[in-house]
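Presented below is the structure to which this report refers.
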Amino acid sequence: MVNRAVAYLNGRSPYVLHRLDQGTSGLLLFAKSVLAARHVTHQFRERRAQKTYLAILLGSPEDDRFECDAPIAAHPTDAKRSVVVLPDELQTHPLYRSRGFRRQNRPDHVSTDGLPARPSHTRFEVLARSAGGFASACRVKPVTGRMHQIRAHLAALGCPILGDRIYGSGKLSAPRLMLHANRLEITHPDGEPM
C-alpha cells in the first residue's frame, strides 16, 4: 500500500499514520504533508482519534459489553508477541523511577518476572453469537494503542480471535485473522470531522 501511495504522490513518500498488524484487514491512514501528519499524530497521542474494529471471537463472552483494562508488556523471548500483565502481578519497580532510566514513555509497572508493562484498555461489544456459543461477532474499540492489544486482551479473556495463529487456541482455523479495522474517526487538518 505504501508503494501505491508513493505512486499516487509522484514518488514522494507518504506519512504512515495508521497501520495494521499483518493479517488484519481494513483502514490505513496516510498523510501527504508533515503538517497534516503532525495534526493527526497529535489526535492519536491525545486519544481523540477513535478506532473501531470488527472481530470474530472463539467462544461467547458472558456479557454483551465488557472491557479489558490490563497492562501489556513485550514478550520476554519473542519480539513478535505481547503479553498481558494481570493486575495481581503488577508491582511498582524502582528501576523505572530512577534517574538512570531515561525513556520518554517509560512503563509505570513491571510484572513479577520483570517485564515492563504499559497501561492498555480495550472496550468490546458483542454484536451476534453463533448457535451453540462457539463463536461471536464483536465490535472492538481500543482506548490505547499497544502492539497486538486487541489480540492479546481477547486471548487473556479466553476468547481469542478466529484465525489468530499467534494468540489463538487452534480449536478452529480460518484462512486469515478475523480482525478488521472498520472505522477511524479523526478531525481533518482543515478542522472538519471525518
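Summary of values
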{"read-out": "1.4 Å probe accessible area per residue over region 117-194, in Å²", "value": "51 Å²"}
{"read-out": "Distance violations [Cα-Cα > 25 Å] among Lys51/Lys80; Lys80/Lys171; Lys32/Lys80", "value": "Lys32/Lys80"}
{"read-out": "For region 1-54 and region 140-194, distance of Cα centres in Å", "value": "17 Å"}
{"read-out": "Gyration tensor verdict on region 111-194 (Cα atoms; rounded if a/c is under 1.5, prolate if a/b is larger than b/c, oblate otherwise)", "value": "oblate"}
{"read-out": "Tensor-based shape of region 19-63 (alpha-carbon gyration tensor, a/c under 1.5 rounded, otherwise prolate or oblate)", "value": "oblate"}
{"read-out": "Carbon/sulfur fraction of accessible area - region 19-67, other protein chains in place, 1.4 Å, %", "value": "47 percent"}
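The values are calculated or read from the model by the stated rules, or taken from the named source; none is laboratory data. All of these numbers come straight from a predicted model, not from anything done at the bench. The accessibility values were calculated without ligands, DNA or RNA, using every heavy atom of the protein model including side chains. Shrake-Rupley method; radii C 1.70, N 1.55, O 1.52, S 1.80 Å.
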